[in-house]
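The values are calculated or read from the model by the stated rules, or taken from the named source; none is laboratory data. Computed from a predicted model, the values in this text were never measured in an experiment. Note: ideal-geometry Cβ built from the backbone for every residue, glycine included; neighbour counts use all protein chains shown. The protein model used for the area step is the full one, side chains on, heavy atoms only, and it has no ligands, DNA or RNA in it. Shrake-Rupley method; radii C 1.70, N 1.55, O 1.52, S 1.80 Å.
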Amino acid sequence: MRRLEFIGLTAVVAGGIVAPQGIRVRRDVVAMGTQLQMDVVAGSRSRALSATEDVYQVVLQADSLLSTWHPSQLDSLNHAAPGDPMALPSGLATLLGEVLPWRDSTGGAFEPVSGALTDAWDLHGEGRVPLPTELQAALGSSGPGAMTIADGVGVRTRSGAWLDSGAFGKGAALRAAQRALLADSVDAALLDFGGQLLAIGAPANARGWTVAIADPQDRSRPAVRLLLCDVSASTSAQSERFVTVDGSRYGHILDPRSGRPVPAWGSVTVIAADPLLADIVSTALFVMGPEQGLAWANRHPALGAVFLVGDSSRLRVHASIGAEQFILRP
Ligand code: AMP
Ligand code: MG
């Protein structure tokens, strides 16, 4: 009997416990403030278990690099005195050097130096609507001019500026997890890290891991089924994390150009071989919206994007050229 389980915006159809090609181990931990569910198939129980431990350890390392909730290397930069250059540890400098160019590649839709906007809307608290002057000040403390990072040195040029790893931290952690699992030569694995999936290989007698993207407004309802093998799938939506002010909902994904939360139009799932890329691009495409986002994704067929638009009664699915190969039709 197959089991349908919902995890974040995705669901996983799990098979038996012991797969013919190896022993299948399931382990759940809490890391980076969210649940990490690991399903690993390896030649023996001890190898599968030690692979889950290796994953857990690299995820903890990613957290000590990128957390903005407790002390980390990034947190030190975010609290540096404005104007004071800070030498960045090489791992952080390399990662940010890879991440930051995506702001240009996405026309400014992806902007990690957007913490001042999150503060202005109090998205990590009760929520509030900023006054126009406050919004302008927060926009001034956001974007490339508010924090410069070059040649291994970071400078907060504006007070109030901070770099938010929310849109790429889980992807960075899953990339490290992917490397760990491959180094451990596991037969297959499926990780679900707070809604971002990493699929390695396939369970026994399958071509990949069957997962479902949930209806963004009714997470108990699977909307689209995907078959994933050696890729990561990251979903961005406003339906899970938001604040409510005077009866209006404001989601956690901001348009860095207007400084305002993006309306809750649905969800986008990005499928890519690199988990970091999937995470960055899913946030960016959510900001672009389904029309511009689909056009952008079609110009980048090496990755796939599935847009779910509208409400449960009339949910429309738009898949980019690169996504077609992953979609399971009924
Ligand atoms: P995700 O769930 O991967 O789409 O990331 C959303 C998180 O990224 C938010 O909770 C913020 O921490 C941060 N964020 C919000 N808007 C943006 C944006 N336009 N660019 C980069 N990071 C953002
Ligand atoms: Mg993201």
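Computed values, structure above
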| quantity | calculated |
| --- | --- |
| Length-normalised contact order of segment 55-115 in % [C-alpha pairs under 8 Å, at least 6 apart] | 16 |
| Other-chain or far-sequence residues with amide H under 5 Å of A31's (modelled H) | L36 |
| Angle in degrees between helix 45-66 and the longest Cα principal axis of the chain, rounded to the nearest 10 | 10 |
| Tail fraction, Cα-Cα pairs, segment 37-134, threshold 24 Å, whole percent | 46 |
| In Hz, Karplus ³J(HN,Hα) per residue of segment 91-101 (6.51, -1.76, 1.60; θ = phi - 60°; x = Gly, Pro) | x, 5, 4, 5, 5, 5, x, 7, 6, 5, x |
| Built amide H within the under 5 Å cut-off of D230, gap 5+ | A199, I200, G201 |
| Nonlocal amide H pairs with D255, under 5 Å, H built at 1.01 Å | R260, V262 |
| Over segment 158-259: Rg over Rh, Cα atoms, Kirkwood Rh | 1.07 |
| Restricting segment 57-141 to chymotrypsin sites (Phe, Trp or Tyr not before Pro) in coil, as DSSP defines it, with at most 15 other Cβ within 10 Å | W69 |
| MRE, 222 nm, helices only [DSSP H, n ≥ 4, -39500 (n - 2.57), over the chain, to nearest 500] | -9000 deg cm²/dmol |
| Most mobile of T157, T133, T118 in a GNM of the chain (Cα contacts under 10 Å) | T133 |
| Sparsely packed trypsin sites (Lys or Arg not before Pro) within segment 169-270, loop by DSSP, other Cβ within 10 Å at most 16 | R207, R241, R257 |
| Candidates G247, G194, G33, ranked by Gaussian network fluctuation over the chain, Cα under 10 Å, top entry | G247 |
| Surface share of carbon and sulfur [accessible, 1.4 angstrom probe, percent] for the chain | 52 |
| Derived scalar couplings ³J(HN,Hα) [segment 319-325; Karplus, 6.51 cos²θ - 1.76 cosθ + 1.60; whole Hz; x for Gly, Pro] | 10, 6, 3, x, 8, 3, 5 |
| Rg over Rh [alpha-carbon atoms, Kirkwood Rh] for the chain | 0.97 |
| Over segment 178-243, relative contact order from alpha-carbon pairs under 8 Å, at least 6 apart, % | 27 |
| Relative contact order (%) - criterion: Cα under 8 Å, at least six apart; region: the chain | 17 |
| Segment 258-297 pair-distance distribution - Cα-Cα, 5 Å bins, rounded % | 5, 25, 32, 23, 12, 3, 0 |
| Max mean-square fluctuation residue, GNM over the chain, Cα-Cα springs under 10 Å, options S313, S282, S90 | S313 |
| Neighbourhood charge, 15 Å Cβ-Cβ cut-off, centred on A138 and excluding it, Lys, Arg +1 and Asp, Glu -1 | -1 |
| The chain, accessible area per residue, ligands and nucleic acids excluded (1.4 Å, Å²) | 43 |
| Rounded to 10°, Cα long-axis angle of helix 275-298 versus longest principal axis of the chain | 70 |
| Estimated vicinal HN-Hα couplings, Hz - segment 250-264 in sequence order (Karplus 6.51, -1.76, 1.60; Gly, Pro = x) | 10, x, 7, 9, 9, 8, x, 7, 9, x, 10, x, 6, x, 7 |
